[in-house]
Amino acid sequence: MTYFVNVTITGLIEGTIYAAFALALVLIWRSTRIVNFAQGAMAALTTFIALALIQGGMSYWLAFAAALLSGFALGAIVERVVIRPVEGGPELNAVIVTLGLFVAIQALIAILFGSSFQSFPAPFGLRGLEIGGTTIALTPNSIFVALAVIVTMALLVALFRFTRVGLAMRASAFGQEVARLLGVRVGRMLTLGWALAAVVGALSGILIAGGEFVWPAYMDSLIIFGFVAAVLGGLDSPIGAIVGGLLLGLALSYVSGYVERGSALVNVAALVILMVVLLVRPGGLFSSTVARRA
């Protein structure tokens, strides 16, 4: 029973991290209708910026804030300089550009910070809590991770449902010409969408790095799992990103914990889940909009 509880808790905590990255993908999709495959590399860059500040003597929380601010600036710069020239063209162009950006940013991280493994500190303890003399896999740091993701989701839902900025961002994503006629500054909204998505991505990068080793490619697996979580929940739903991340985390944790050689099958299991979702419910579990065909 204790083993089952620990496997479940581990899956939920890993799922919250997948959910955080999925939220970044959902945010940029809702804002610009683009899937940003460079999101993981951008998050890794902001994490290394935070690590450099911590190693230089800055407190964890100041470095945390600096990473989020650098993520905001990086997202805005990428949209203005790299994505803006290909917006309005074939959708595949933006996808190819983000893939190239992914490679370029990883190379930049290696140049600036080196390619060796480096330890990233955690803000809270990493020792499991004791309940009734039994140690479970729930740590103070994992509680912080879960709360951070929940708060982020609540803020995103509030942004898109209850603010004019969120409505303007969605209008810019779905119909730029109509939005311009209504007085929306589309360019600014697209830049803001990329900037906010980069902030959420930076958050996911720091959360997964806490108490672990980081290197230029440490976000690669999270890119895959975060994308699967976003598709599972629905690319247009922040709540779906959370649910998708948790379900994926649980599924992969059970595969790793109960299937023989399960740790080697985790990536295969993620692929199977993605294929099943695309075949059974392509829009995701929380999709509600049905496209009309002429």
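The values are calculated or read from the model by the stated rules, or taken from the named source; none is laboratory data. Note that the structure is predicted; figures quoted are calculated from it, not measured. Methodologically, a virtual Cβ is constructed for each residue, glycine included, from the backbone with ideal geometry; neighbour enumeration extends over all protein chains shown. Only protein heavy atoms, including side chains, enter the accessible area calculation; ligands, DNA and RNA are left aside. Shrake-Rupley method; radii C 1.70, N 1.55, O 1.52, S 1.80 Å.
Below, the figures for the structure above:
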item	result
Carbon plus sulfur fraction of accessible area for the chain, probe 1.4 Å, in percent	69 percent
Per residue solvent-accessible surface (Å²) - the chain, probe of 1.4 Å	49 Å²
Surface/4 estimate of mean projected area, convex hull on alpha-carbon atoms of the chain, nm²	17.1 nm²
Among 264-277, 6-19, 221-234, the order from most to least packed when residues are scored by Cβ within 10 Å on average	221-234, 6-19, 264-277
Rounded if a/c under 1.5, otherwise prolate or oblate - region 48-201, Cα gyration tensor axes	oblate
Alpha carbon centroid spacing (whole Å) that separates region 192-222 from region 21-88	8 Å
Hz values of 3J(HN,Hα) by residue in region 101-109 - Karplus curve (6.51, -1.76, 1.60), Gly and Pro given as x	5, 4, 5, 5, 5, 4, 5, 5, 4
Highest-first arrangement of 40-46, 252-258, 73-79, where packing means the average Cβ count within 10 Å	40-46, 73-79, 252-258
Net lengthening on full extension, Ile77/Val276 (0.36 nm per residue, minus Cα-Cα)	68.0 nm
Built amide H within the under 5 Å cut-off of Val35, gap 5+	none
Residue (of Ile143, Leu190, Gly57) at the positive-pole extreme of region 1-219, dipole from beta-carbon charges	Leu190
Mean residue ellipticity (222 nm) of the chain, computed from DSSP H runs ≥ 4 via -39,500 (n - 2.57), nearest 500	-23500 deg cm²/dmol
